[in-house]
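Written out below as structure tokens is the structure these notes cover.
The values are calculated or read from the model by the stated rules, or taken from the named source; none is laboratory data. As the structure is a prediction and not an experimental result, all values here were calculated from the model. Neighbour counts run over all protein chains shown; Cβ positions are idealised from the backbone, glycine included.
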Amino acid sequence: MLKVGLTGGIAAGKSVVGEMFVALGAYLVQADRIAHSLMQPGEAVYNEVVRQFGRGILNSDGSVNRGKLAEVAFGPPTDAKGQRASRIEDLNRIVHPVVIRSQDEWMRAIGIQDRHAVAIVEAALILEAGLRERFDRLVVVTCKAEQRAARFAARQKIDLETARKEVERRMAAQLPDEEKIKVADYVIDNSGSKEKTREQVRGVWHQMQAEAEKS
């Protein structure tokens with residue numbers, strides 16, 4: 001089995017690329033979906049997140065409002081003293097260990113099911129969390145800054161200027177693309193048409209599939 005990490009900055013198109021790999025035969029799990037399931041009422045992670053960040057992040061039904069949580073976790077760019085006020089590291093300390101365990105369990109199960117599988121974990125913070133060594137190969141998805149903002153605006157249904165500021169705020173908690181590219185095995189430029197992205201995915205897939213079949 002070939003273990004693959006799929007990463008990239010916010011709104012770069014990781015999920016689109018992941019879907020393309022799945023269509024070719026890859027197995028995929030999304031760290032964000034694992035985290036979402038862990039934040040359901042009654043889960044240990046949910047209880048700790050609410051304890052740390054307060055009930056102000058909750059909807060009226062007790063579920064986590066992800067927008068409110070992001071607002072509190074990422075915080076304003078700076079506080080009154082001119083220092084970063086982000087609490088994203090506090091959130092990551094709660095969520096990451098459990099998500100990582102779930103990913104490892106998923107990959108073990110896939111390996112038992114199909115020993116020549118290409119098992120892909122899609123996660124934004126693979127490098128930031130120090131998880132590169134858990135994967136045989138790393139795929140980094142990139143796009144232009146303006147496209148990132150436009151995609152985020154469309155996804156969140158907000159205006160472009162608001163999206164641009166929010167993307168900048170969240171990207172401050174991530175490594176820049178240039179640093180990710182340095183340690184990537186494969187880079188997929190998602191700045192062009194969907195077909196151009198698909199062509200790149202096919203090329204990477206053939207190489208990864210050949211490697212997996214030798215395992």
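Could you tell me which of the residues Ile10, Ile94 is in contact (Cβ under 8 Å) with a residue 24 or more places away in the chain and within 29 Å of His206 (Cβ to Cβ)? Reasoning before the result, please.
Values: Ile94 fails: within 29 Å of His206 (Cβ to Cβ).
Unique residue meeting the criteria: Ile10.
Of all residues in the stretch 193-215, those that are touching a residue at least 24 places away in the same chain (Cβ under 8 Å) and closer than 16 Å to Glu19 by Cβ have Cβ atoms under 9 Å from Cβ atoms of residues that are in a loop (DSSP other than H, G, I, E, B) and of a type in the set (S, T, N, Q), 6 or more apart or on another chain, in Thr197/Asn190; Thr197/Ser191. Residues in the stretch 64-72 include none that are modelled with pLDDT of 95 or more, in a helix (DSSP H, G or I) and farther than 21 Å from Asp177 by Cα.
If the condition is being part of a helix (DSSP H, G or I), under 29 Å from Glu178 (Cβ atoms) and in contact with a Leu (Cβ under 9 Å, 6 or more places away or on another chain), then the stretch 102-145 contributes Gln103, Arg132. Summed over the stretch 19-78, the residues that are under 30 Å from Phe135 (Cα atoms), among the polar types (S, T, N, Q) and surrounded by 15 or more Cβ atoms within 10 Å (Cβ to Cβ) give a count of 1.
Filtering Val121, Val167, Val183 for residues that are within 14 Å of Gly8 (Cα to Cα), exposed (fewer than 14 other Cβ atoms within 10 Å of the Cβ) and aliphatic (A, V, I, L, M) leaves a single hit, Val183.
Being assigned to a helix (DSSP H, G or I), more than 15 Å from Val204 (Cα to Cα) and of a type in the set (Gly, Ala, Ser) narrows it down to one residue among Ala23, Ala35; which is it?
Working: Ala23 fails: more than 15 Å from Val204 (Cα to Cα).
Just one listed residue meets the conditions, Ala35.
Of the residues making up the stretch 137-149, one or more are over 27 Å from Tyr27 (Cβ atoms), within 20 Å of the chain's Cα centre (by Cα), touching a residue at least 24 places away in the same chain (Cβ under 8 Å) and surrounded by fewer than 15 Cβ atoms within 10 Å (Cβ to Cβ). Which residues, taken from the stretch 188-215, are surrounded by fewer than 18 Cβ atoms within 10 Å (Cβ to Cβ), of a type outside the set (Lys, Arg) and not in a helix (DSSP H, G or I)? Result: Asp189, Ser191, Gly192, Ser193, Ser215. State yes or no: is Lys180 free of Cβ contacts under 8 Å to residues at least 60 places away in the same chain, basic (Lys, Arg), under 27 Å from Ser86 (Cα atoms) and in a helix (DSSP H, G or I)? No: the conditions fail for Lys180.
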